[in-house]
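The block underneath contains the structure these notes are about, expressed in structure tokens.
The values are calculated or read from the model by the stated rules, or taken from the named source; none is laboratory data. All of these numbers come straight from a predicted model, not from anything done at the bench. Here the Cβ positions follow ideal geometry from the backbone for every residue, glycine too, while neighbour counts run over all protein chains shown.
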Amino acid sequence: MTDSYMPWVSNSWMFDYECPRMFKYKRIDKADPDTPPSPNCVVGSAVHEAIHQMYVSQDFTLGFLFRIWPVVLREQMESYSVSETQYFATFLKEGEKLLAKFHSMAKDKGLLVDPIYTEKKLQYIVKSPAGNKYMVVCYLDLVVRPEGTDEIWIVDFKTGSTVPSQAATNSESQATFYSLGLRLVEKITESKVVFMYIRKGKWRYTARGDQEYQDLIKDIDEQQSKINNGEFEPSYSLCHICLYKDKCKMEDKAKDIPGLDPGWFK
Ligand code: SF4
């Protein structure tokens, strides 16, 4: 790797390589997906935006969230090109439930207070022991000092249905990207990284330190090395969310046809 070339990495960059073939389609070939993203993902991003607006306005009432919700939802549906006629009524109700749940959970933990940051973009450079540099980008939903405490929490809002185990939370990279970034860029040491699983009403808490930072940088280096070596064998582990299933099936079939250029379908 040359000095001038600095790969941009993120938590989603790491996640996508869980299926190296999907990573290649998405990030190397920049192929168009076979299927559009599910319309349901619009609710999650709209809920994030409504909560962000609440923290910006510092009106911490549920009434505020309900008032802005239809407007925020409409804007997000438009930006995702999701049919309003088909989905608006369903998404409106679903979002109201999520926002009510968020409000109750946040109130319970003293999070309805002036934040340190809301929707904060962090960009920083890390250097591996091998001398490779990487530009890291991440977005923090919320950094806050819960009411009545001296703690600082990095809070990440999750709107999906899956809640990982505590062991999985302790070893995942997202919290490490956040924690390292907050320390390097803003010189703030958080007390904990907190994942708020709004749909399920669950919390996961974790902490990060030097060992996890070193491990993360080692993992980034290893992944980049595999990418440089053209290692893109499919793992079949992300098929349930993959937007390239048709392309992938065709590539598998093409392998059985002798002499066929593997890139014939692109
Ligand atoms: S369909 Fe499955 S194996 Fe194929 S690229 Fe997507 S995640 Fe990977």
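Some observations on this one:
- Subset of the range 24-53 (residues that are touching a helix residue (DSSP H, G or I) at 6+ places or on another chain (Cβ under 6 Å), under 29 Å from MET105 (Cα atoms) and either free of Cβ contacts under 8 Å to residues at least 12 places away in the same chain or not acidic (Asp, Glu) (or both)): PRO39, VAL42, VAL43, SER45, ALA46, VAL47, ALA50, GLN53
- Top-ranked residue of the range 157-201 - restricted to ones that are touching a helix residue (DSSP H, G or I) at 6+ places or on another chain (Cβ under 8 Å) and assigned to a helix (DSSP H, G or I), ranked as surrounded by the most Cβ atoms within 10 Å (Cβ to Cβ): PHE177
- Among residues of the range 13-31, those that are more than 29 Å from ARG199 (Cα to Cα) and within 14 Å of the ligand (Cβ to nearest atom), counted: 8
- Annotation note: Cβ proximity below 9 Å between a residue of the range 228-254 that is in contact (Cβ under 8 Å) with a residue 60 or more places away in the chain and farther than 16 Å from THR35 by Cβ and a residue that is of a type in the set (D, E, K, R) and more than 7 Å from the ligand (Cβ to nearest atom) (sequence gap 6+ or interchain) occurs for PHE232/LYS24; PHE232/LYS226; PRO234/GLU251; PRO234/ASP252; SER235/GLU18; SER237/GLU18.
- Out of MET1, MET105, MET22, MET54, one residue alone is at pLDDT 95 or above and surrounded by fewer than 19 Cβ atoms within 10 Å (Cβ to Cβ). It is MET105.
- Residue in the range 225-232 that is of a type outside the set (Val, Ile, Thr), near the ligand (Cβ under 10 Å from one of its atoms) and in contact with a helix residue (DSSP H, G or I) (Cβ under 9 Å, 6 or more places away or on another chain) present: yes
- Any hit, the range 90-110, residues being out of contact with any helix residue (DSSP H, G or I) (no Cβ under 8 Å at 6 or more places or on another chain) and under 24 Å from LYS187 (Cα atoms): yes
- Pair list, Cβ under 8 Å, 6 or more apart: the range 121-132 residue farther than 13 Å from SER179 by Cα, other residue surrounded by 18 or more Cβ atoms within 10 Å (Cβ to Cβ) and at pLDDT below 95: none
- Residue check for TYR213: touching a residue at least 24 places away in the same chain (Cβ under 8 Å) and either acidic (Asp, Glu) or in contact with a helix residue (DSSP H, G or I) (Cβ under 6 Å, 6 or more places away or on another chain) (or both): yes
- Figure legend. Inter-residue proximity from the range 160-186: first residues within 16 Å of LEU142 (Cβ to Cβ), second residues hydrophobic (A, V, I, L, M, F, W, C) and surrounded by fewer than 16 Cβ atoms within 10 Å (Cβ to Cβ), beta-carbon distance below 6 Å, spacing 6+ or different chains. Indicated pairs: LEU182/ILE188.
- In the condition set (1) acidic (Asp, Glu); (2) surrounded by 14 or more Cβ atoms within 10 Å (Cβ to Cβ); (3) more than 12 Å from the ligand (Cβ to nearest atom), GLU222 is compliant with all but (2).
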